[in-house]
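The next block holds one structure in the form of structure tokens; read it before the comments.
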Amino acid sequence: MQKRFQTALKDSVVFEKYDHVGAKLGKELMKASTWALLFALFGIGGYIWIRFDWMFSVASWIALAYDCSALILFFSLFYQEIGEGAMVAFLVTAGYSVNDTVIVFDRIRENRGYKKNLSCAELVDLSINETLSRTVLTSMTTLAALLVLYILGGSVIATYSLPMIIGIASGTISSILIAAPVFYLLSQFDRKKRAEGF
């Protein structure tokens with residue numbers, strides 16, 4: 001149809017691209033994206049439960065809830081549209097955060113096997129300190145790349161990269177300051193329950 005018009009009018013008509021998602025389709029897209037995000041989060045938690053322990057899994061879910069809450073707060077405070085870019089940011093944040101968290105958890109589990117003379121608090125502290133330089137360097141490298149994309153990439157790339165910057169920053173914070181301390185609290189709770197005979 002477009003070619004017939006252009007042939008008849010001798011290329012004097014320019015058809016501009018028009019992207020619009022209607023209310024019904026937008027609602028279905030958001031619903032499908034939300035389900036995909038929830039399945040991804042539960043899948044990540046289930047994997048950590050099988051690979052490590054239930055305490056690690058619950059701690060990772062709490063850290064992921066923090067990351068998602070940080071992104072929702074960002075979108076709310078700055079009146080950003082929650083669309084496909086937001087869902088990409090949520091999924092990237094979840095993947096990045098759980099990667100950092102699994103590295104800390106793996107070091108905790110490794111140290112628990114080797115350094116039995118340490119208390120749980122000392123074990124968690126040692127594991128965080130051993131992985132801290134790797135976590136910070138990886139985060140800084142990723143944030144530097146995202147900042148370049150945000151500054152030089154134009155408005156379309158900026159809508160994707162800015163939420164991802166917030167997500168990467170919150171994912172780094174949560175893997176160090178939330179996931180490992182929550183694991184410590186859960187392990188203390190589990191030890192207390194075992195001591196009481198439950």
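The values are calculated or read from the model by the stated rules, or taken from the named source; none is laboratory data. Predicted, not measured: the structure shown is a model, and the values here were computed from it. Glycine gets a Cβ as well: all are built from the backbone with ideal geometry, and neighbour counts include every protein chain shown. Remember, those area values only see protein heavy atoms, side chains included, never the ligands or the DNA or RNA. Shrake-Rupley method; radii C 1.70, N 1.55, O 1.52, S 1.80 Å.
Below are the figures for this structure:
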| item | result |
| --- | --- |
| Residue 136 accessible area, 1.4 Å probe, all protein chains in place, Å² to nearest 10 | 60 |
| For residue 135, net neighbour charge (Lys/Arg +1, Asp/Glu -1) across residues whose Cβ lies under 15 Å away | -3 |
| Burial ranking of peptide ranges 158-170, 108-120 (average Cβ count within 10 Å, highest at the top) | 158-170, 108-120 |
| Calculated SAXS-style log₁₀ I(q)/I(0) at q = 0.19, 0.25 Å⁻¹ - the stretch 49-119, Debye, Cα scatterers | -0.80, -1.09 |
| Rounded D (µm²/s) - the stretch 88-193, Kirkwood Rh over Cα pairs, Stokes-Einstein at 10 °C, 1.306 mPa s | 106 |
| Sorted peptide list for 143-154, 121-132, criterion being average Cβ within 10 angstrom, highest first | 121-132, 143-154 |
